[in-house]
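To keep things clear, I will list the structure first and then write my remarks on it.
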Amino acid sequence: MDVGFSSLRSEAVGAVRTAMVSAENLQLTLKAELSQEEQALTHIRSNPKEAHKAGNEDLKEMLESSKESLKLEAMKRIVGLIAKGKNASELFPAVVKNVASKNIELKKLVYVYLVRYAEEQQDLALLSISTFQRALKDPNQFIRASALRVLSSIRVPIIVPIMMLAIKEAAADLSPYVRKTSAHAIQKLFSLDADQKEQLIEVIEKLLKDKSTLVAGSVVMAFEEVCPDRIDLIHKNYRKLCNLLVDVEEWGQVVIISMLTRYARTQFTSPWKEGAMFDENNEKAFYESDSEEKKGHTEEKPYIMDPDHRLLLRNTKPLLQSRNTAVVMSVAQLYWHLAPKHEVSIVTKSLVRLLRSHREVQYIVLQNIATMSIQRKGMFEPFMKSFYVRSTDATHIKTLKLEILTNLANEANISTILREFQTYVKSQDKAFAAATIQAIGRCATNISEVTDTCLNGLVLLLSNRDETVVAESVVVIKKLLQTQPTQHSEIIKHMAKLFDNITVPMARASILWLIGEYCERVPKIAPDVLRKMAKSFTAEEDIVKLQTVNLAAKLYLTNSKQTKLLTQYILNLGKYDQNYDIRDRTRFIRQLIVPSEKSGALNKYARRILLAPKPAPVLESSFKDRDRFQLGTLSHSLNSKATGYQELSDWPAVAPDQSVRNVEIIEASGSDSEEESSESEKTSSDSGKSSSGSEQSSSESELEQKKKKKTKKVPQKKSKPTAADRYSEIPAVCWSLRASFFFPVTTSSFGPVKTYELLHHMTGKGLAAKYHFPRQPCLYQPSMVAVQVILSNSSDHSLEEIHIGDRSPASLSIHCFNTIERLEPEASVTVSMGIDFSDSTQAANFQLCTKEDQFSVSIQPAVGELLMPSSMTEQDFCKEQGKLQGMNETSATITMETANASSQAISKQVLSVANVGVVSSSQNNFSRFAGRTVSSGALVLVSLELKESSTALLTINTEKTVMASMLLRDIKQALTQA
Amino acid sequence: MIHSLFLVNASGDIFLEKHWKSVVSRSVCDYFFEAQERATEPENVPPVIPTPHHYLISVLRHRIYFVAVIQSEVPPLFVIEFLHRVVDTFQDYFGVCTEAAIKDNVVVVYELLEEMLDNGFPLATESNILKELIKPPTILRTMVNTITGSTNVGEQLPTGQLSVVPWRRTGVKYTNNEAYFDVVEEIDAIIDKSGSTITAEIQGVIDACVKLTGMPDLTLSFMNPRLLDDVSFHPCVRFKRWEAERILSFIPPDGNFRLLSYHVSSQNLVAIPVYVKHNITFREGSSQGRFDLTLGPKQTMGKAVESVLVSSQLPRGVLNANLNPSQGTYTFDPVTKLLSWDVGKINPQKLPSLKGTMSLQAGASKPDENPTINIQFKIQQMAISGLKVNRLDMYGEKYKPFKGIKYMTKAGNLCQFRLH
């Protein structure tokens, strides 16, 4: 683990380096742009086109003001812009500066902004990273968690290593809340960079062992997202998850239940005995192949449910009482897919309860009930009345209820259902009335006893005033007649009479088809209908025309004497129709039925082709094949496979090894801290737990474990009396501390970056190297100075295996960059290293190697780069200065260039030479700077007292006298020249 | 999980968007608008809409569509439940959940949404926790904030999130300790034209307003718990205790919450406390129709039936209605054909009636069906199922709280009389 961490850390630091440098550069350039823009704006204030920009400009001003309230107001307006979907990305630099603000609301709004735009402004977003990195180490768990949350939400690929490191650390955090956040962060990192999968799985594995209810839901979510196929990770945690389930927050419950459903289907054998399975369903058995396969097996030994399987069923059952509809639904689907058939019906009542919830909930639940009711009528039959349609229901709800009522219909209840359907037909919602007629048709085909009743009812509807109702009735009657045409010539005659009044194309077409199909039963009417159609042919819809052609052809074959001319007339009309389908059909029919020399062998069979007995259509539920999807899923709802849908596997024939789920009782670190954090609520938690939590866990070992925990708890508390202090809630203070510490430092170090040559491309045979000091704390080791090296290849071939070779002096400690496998021609790469100069300006010599060559190079640091800024107040400065008198003080009077006389200019010049921090000064003629040496941490204090006529007294106080004199020389030089 | 959220108003404008992962262009809503156009009524927009790259799951409440964008498989109810939770939270915070309220409080809305989801997965949805994180805006606080520049964001961090009772905030203090429980029952029924009940059921909720100091542990017992057929609990209720003793034992959240919802077993016959006498006729050939409706109370145990509101969707052929209510006021919208009659209280001595004529489209054939009538009403101080709370006890704290229980019966969304 340690090795892993350090390499990670190095990567992370590398990334920060690059990030920081690019951010610095950017800010510099941006600043320049800003001033240009400002200038431009002052000139064209009145231009109305610029109004929008000017609006943002005043936001920018507000953000840059020193007043907290103005900043907050500005941020609120910006959030308003984001909410409206307006682009506010140009404010990024101004906003991001406030990331470390003391004001919590302001800070939160900045987070909102940052997360929204970080992806678009990757480089600038990096400016904020170090704030979060620092916050990750905060003693307050909420600050750690929120830092991780925001850090991981910034979708910038360059910080992947930093995120990885942060996640790993947070996963081992004492606070379960932080661990929960890290589980969330796993998913974010995975979506940002899928290459991290292996490492993330390690973290998931670790977090799955966590005993905190807070973590369970989130980590299972991460598991489902990252590695849903790694079912082996679940074995050891299965029982724990089952037992924790009741106490997990509701959203986590949904995720865990659906994961456990999948798990159980791979690990346990089927509890569905064949025979008992589909007693209620006389249609094709859904899991037919399955049950057959098992036949031999079950006969040999009776089915005994795995105790773990039972544990899952038992522990999910109380959740049917949850107020969260998603939880209830997920338990229902778990029972549907896992429970023995006779136990499934316990979910019915709860599902029916959900029907009283919001419309959208009803919609989803009804869909699932529709699927269930096809296979198991008995489950919902007692609740039939709950599916009665209300006139206030939305159309899609009504349709679903109809579907279910139709599924539930059997000989016993059909009369009740039909009576109910009759009122629906009268509904003012005509689409719904039409759907009802379809449903009646389905009932009529499914239950032979009522076919005639239904048919008569439908015929009555033919005289309904409403067209859609009539049309739908015709279509349904057509389907019904096909099943038993013999007795029904009366109905066909009746429909032929109605034909003139029906205008809906589908209905007209259906009648024409019926008459054509059974033309021999209505020999007198059929030719007359054709005559009428010949008159109106051109004005009909395409579908009606097609059926007219069909009718004509069929009549021609059966009754050519009367209809020959009519048919030819219609075929001629059809030949010149606009629609090519009709033209094609006409041509085809003509060839088929009209005998001529050319007509082929088919002519003989025309009668058999056109008047073949046709199988009756099967009216069946549209939910028939939905059971291929797991209930409750999006895929089930859409009836098509959604992205990321996990198939539910079939039961295994033989159960895999059960012992994989056995766990030795060990105390995980997670449970300890859980106890700690809930200390403050000990009384309540004990009483709460005892009734809700532990009673669920009935297995012996669980109870023992609990006991153990309890006994362990006592000494632990004593050993950690500081727990309460550690979690003390002083966020405001923490943030303010950071703000004052961190922010001046970064701003002060945004000086011009001097780049030095390390290796010229002539000497390096094409390999060129430059370096600079990014002036950031080195994360490899605090005593090292961070150096950034830009390697570029100016040769015409690629260079391989660039790395650091021997170094001198041998004791020199260098943190090398990782070997660069390959550098293409014209490409360049920035790497960072850390060098411990031990506070001396002695050069660090080392060899830069490629696969073929070695080049000796050296880095000679300027004395100012061996420092790092230190923040202190003026008082502290004076106090420290007082301690470093005598031989620790070096001073010189200098005459400054007039341009450098202002305090800003002085700061700028000093900062360009040395990496020190500005100490805010109350006296105008004093400029003070403070720093520490990187290796030993010795204080270096620089003060500059302005005298008249641009002379000044420069004083340096430090223990490191050699450095002092060198620094004095450098600063003097910087200030005296222009 | 949930990728983005768009709020769409009745006229089809997106007035708020929020993204939890990378930004999804609002053009994805075009698929939603298409579905919206196709739907005849606002409610008819399908809750789940597939698009080439995303799935849209929406809920409609207070005439606002909350459209969530999903990218991969997720239980749809998970999203729907969450969206409703969001609406409930808004309502809790702003009193109403309207477009105006959301726009006025856009910053609070954003802060709430930020806390409620992390990377699309629900983080804090308990109202108690949210209120600790973000204070609900009140007039007083808004004024104070503008003057002093202080904020709505809580300075405290929510300790509740860590505890075993995540629904209750810690350090609750009141000078008056009170616990109120409202037993509200709703009747859903369909009654046919002859006045006989086709289906009727009662469901009830117990809403609580608990303002008690510290960590009180309450038990609530009923005189007749057998009545409760199917129950669902707030997470605070100890399930085992209910299973064993039929007693509600719980550490309550602070403030308002729904303790329990229940369904009364259907074996018990439900007496509908209102009856309707109606005579609605259309004559063939005439452009007039007669409308006559009388309401009366039935089996109300002497309690008054109040806030009665009758609404009916008249047939499309009706052009206008000229009616005369014996009490209350009525409106008829000639466009939607919706008749609504605000009756008020039913006086058993003088039954309210609505009589008059309807004018029909000239020449059109008579509508062949009679409308259905939906009725809303309230009865105070009575739970129609007869459910009675026996006692409420408090453990764990020393003070003596003030306890109150109120009963009410009202019509559910679905109390309707079929006149055909």
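The table below lists the values:
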{"quantity": "Residue among B:Thr357, B:Thr281, B:Thr175 with the largest mean-square fluctuation in a Gaussian network model of chain B, springs linking Cα atoms under 10 Å", "calculated": "B:Thr175"}
{"quantity": "GNM result for chain B, Cα springs below 10 Å: residue of B:Phe78, B:Phe94, B:Phe250 fluctuating most strongly", "calculated": "B:Phe78"}
{"quantity": "Hull volume in cubic angstrom per residue (convex hull over the Cα atoms of chain B)", "calculated": "192"}
{"quantity": "The range A:450-513: Rg to Rh, with Rh as the Kirkwood radius over Cα pairs", "calculated": "0.92"}
{"quantity": "Of B:His62, B:His19, B:His234, the one that fluctuates the most in a GNM where chain B has Cα springs shorter than 10 Å", "calculated": "B:His62"}
{"quantity": "Enclosed volume per residue, in Å³, of the convex hull spanned by Cα atoms of the range A:801-858", "calculated": "88"}
{"quantity": "Relative contact order for the range A:834-975, counting Cα pairs under 8 Å that sit 6 or more residues apart, in percent", "calculated": "27"}
{"quantity": "Chain B - percent relative contact order, Cα under 8 Å, separation 6 or more", "calculated": "14"}
{"quantity": "Span from the the range A:90-154 Cα centroid across to the the range A:452-497 one, whole angstrom", "calculated": "70"}
{"quantity": "Percent breakdown of C-alpha pair distances by 5 Å bin, ordered from the shortest bin, for the range B:62-107", "calculated": "5, 20, 26, 22, 14, 9, 4"}
{"quantity": "For the range A:230-246 versus the range A:876-903, the gap between their alpha-carbon centres in whole angstrom", "calculated": "66"}
{"quantity": "Dipole moment magnitude, nearest 20 debye, chain B about Cα centre, only Lys, Arg, Asp, Glu C-beta charged", "calculated": "1480"}
{"quantity": "Size of charge dipole - the range A:877-964 - debye, nearest 20, with Cβ of Lys, Arg +1 and Asp, Glu -1, no other charges", "calculated": "220"}
{"quantity": "Footprinting exposure proxy for B:Arg168, A:Arg314, A:Arg353 (fewest neighbouring C-beta atoms within 10 Å first)", "calculated": "A:Arg314, A:Arg353, B:Arg168"}
{"quantity": "Charge dipole of chain B about the Cα centre (unit charges at C-beta), most positive-ward option of B:Gly120, B:Gly412, B:Ile70", "calculated": "B:Gly412"}
{"quantity": "Selection from B:Ser232, B:Tyr262, B:Ser385, by position along the positive dipole direction of chain B (Cβ)", "calculated": "B:Ser385"}
{"quantity": "Stokes-Einstein diffusion coefficient of the range B:1-124, Kirkwood radius over Cα pairs, 4 °C, 1.567 mPa s, in µm²/s", "calculated": "90"}
{"quantity": "Rel. contact order, % - alpha carbon contacts under 8 angstrom, at least six apart, the range A:509-646", "calculated": "18"}
{"quantity": "5 angstrom amide H check on B:Ala321, placed H, neighbours 5+ away", "calculated": "B:Ser359"}
{"quantity": "Inter-centroid distance (Cα atoms) of the range A:545-561 relative to the range B:282-314, Å", "calculated": "56"}
{"quantity": "Cα lying deepest toward the dipole's positive end in the range A:845-978, options A:Gln854, A:Thr955, A:Ala905, charges on Cβ", "calculated": "A:Thr955"}
{"quantity": "Cross-link pairs beyond the 26 Å C-alpha cut-off, checked among A:Lys385/A:Lys426; A:Lys76/B:Lys131; A:Lys71/A:Lys180; A:Lys67/A:Lys754; B:Lys378/B:Lys403", "calculated": "A:Lys71/A:Lys180; A:Lys67/A:Lys754"}
{"quantity": "When each of A:Lys341/A:Lys641; A:Lys317/B:Lys410; B:Lys173/B:Lys345; B:Lys18/B:Lys173; A:Lys883/A:Lys947 is checked by Cα-Cα distance, pairs over 29 Å", "calculated": "A:Lys317/B:Lys410; B:Lys173/B:Lys345; B:Lys18/B:Lys173"}
{"quantity": "Cα-centre dipole for the range A:330-478 with unit charges at Cβ (Lys and Arg positive, Asp and Glu negative), debye to 20", "calculated": "400"}
{"quantity": "Rounded D (µm²/s) - the range B:210-360, Kirkwood Rh over Cα pairs, Stokes-Einstein at 4 °C, 1.567 mPa s", "calculated": "66"}
{"quantity": "Cβ-based exposure ranking for A:Ser153, A:Ser783, in which fewest neighbours within 10 Å come first", "calculated": "A:Ser783, A:Ser153"}
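Bear in mind these aren't lab numbers, they're just calculated from the coordinates by the rules spelled out. Note that the structure is predicted; figures quoted are calculated from it, not measured. For neighbour counting, all protein chains shown are included, and Cβ atoms are generated from backbone atoms with ideal geometry for every residue, glycine included.
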